[in-house]
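These notes are about the structure you will find just below.
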Amino acid sequence: MFQIDPMSRQPVYEQIIEQIERYVLNRVLQPGDQIPSVRSLSLDLSINPNTIQKAYAELDRRNIIQSVPGKGCFIRPDVDVFIAAHMQSRLDEFQQLLSEMKRSGIGEDKIMSLIKEVYGND
């Protein structure tokens, strides 16, 4: 389920966070689903358990998962609310990035062609 690129400049714990968030967004992981334990994921990926614990702590801080003592970690039942808020903040960042691109001389046509490439020509 998880794939870690040890050659990536992105820290391993951030790769785990990003993948879990992507799985939640793409409905691979649903609210209430249990995620692998720190120990099992550590063994599967041959990664220090502290690294996985760091990722899980950040996911908990972002309200993506919740820890149930003695049972494990689960995707929060209300994760959609937090994902929506996170996406709104990313949209705000995107707007700032677009403003910077405009000031840098990148034309609207280039931006629109990239948007069409991502969204397709449905």
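Could you tell me which of the residues Val38, Val12, Val24, Val68 is in contact with a Cys (Cβ under 9 Å, 6 or more places away or on another chain) and either of a type in the set (Val, Ile, Thr) or under 22 Å from Arg90 (Cα atoms) (or both)? Lay out the reasoning, then the answer.
Values: Val12 fails: in contact with a Cys (Cβ under 9 Å, 6 or more places away or on another chain); Val24 fails: in contact with a Cys (Cβ under 9 Å, 6 or more places away or on another chain); Val68 fails: in contact with a Cys (Cβ under 9 Å, 6 or more places away or on another chain).
Going through Val38, Val12, Val24, Val68 in turn, the sole match is Val38.
Can you find even one residue in the range 12-23 that is in contact with a strand residue (DSSP E or B) (Cβ under 8 Å, 6 or more places away or on another chain) and in contact (Cβ under 8 Å) with a residue 40 or more places away in the chain? Checking the range 12-23: at least one residue is in contact with a strand residue (DSSP E or B) (Cβ under 8 Å, 6 or more places away or on another chain) and in contact (Cβ under 8 Å) with a residue 40 or more places away in the chain. Give the range 25-63 a look and list any residue that's at pLDDT 95 or above, surrounded by 16 or more Cβ atoms within 10 Å (Cβ to Cβ), assigned to a loop (DSSP other than H, G, I, E, B) and not aliphatic (A, V, I, L, M), or say none. Selection gives Pro36 alone. For the range 89-121, a tally of residues being among the hydroxyl-bearing types (Ser, Thr, Tyr) and either over 30 Å from Arg62 (Cα atoms) or outside any helix (DSSP H, G or I) (or both) returns 2.
Which residues, taken from the range 22-80, are among the β-branched types (Val, Ile, Thr) and under 21 Å from Ile4 (Cα atoms)? Walk me through how you get there before you give the answer.
At the first step, the residues of the range 22-80 found to be among the β-branched types (Val, Ile, Thr) are 24, 28, 35, 38, 47, 51-52, 64-65, 68, 75, 79.
Of everything in the range 22-80, those that are among the β-branched types (Val, Ile, Thr) and under 21 Å from Ile4 (Cα atoms) turn out to be Val24, Val28, Ile35, Val38, Ile47, Thr51, Ile52, Ile64, Ile65, Ile75.
The values are calculated or read from the model by the stated rules, or taken from the named source; none is laboratory data. This one's a predicted model, so the numbers in the text were calculated from it and none came from an experiment. Glycine gets a Cβ as well: all are built from the backbone with ideal geometry, and neighbour counts include every protein chain shown.
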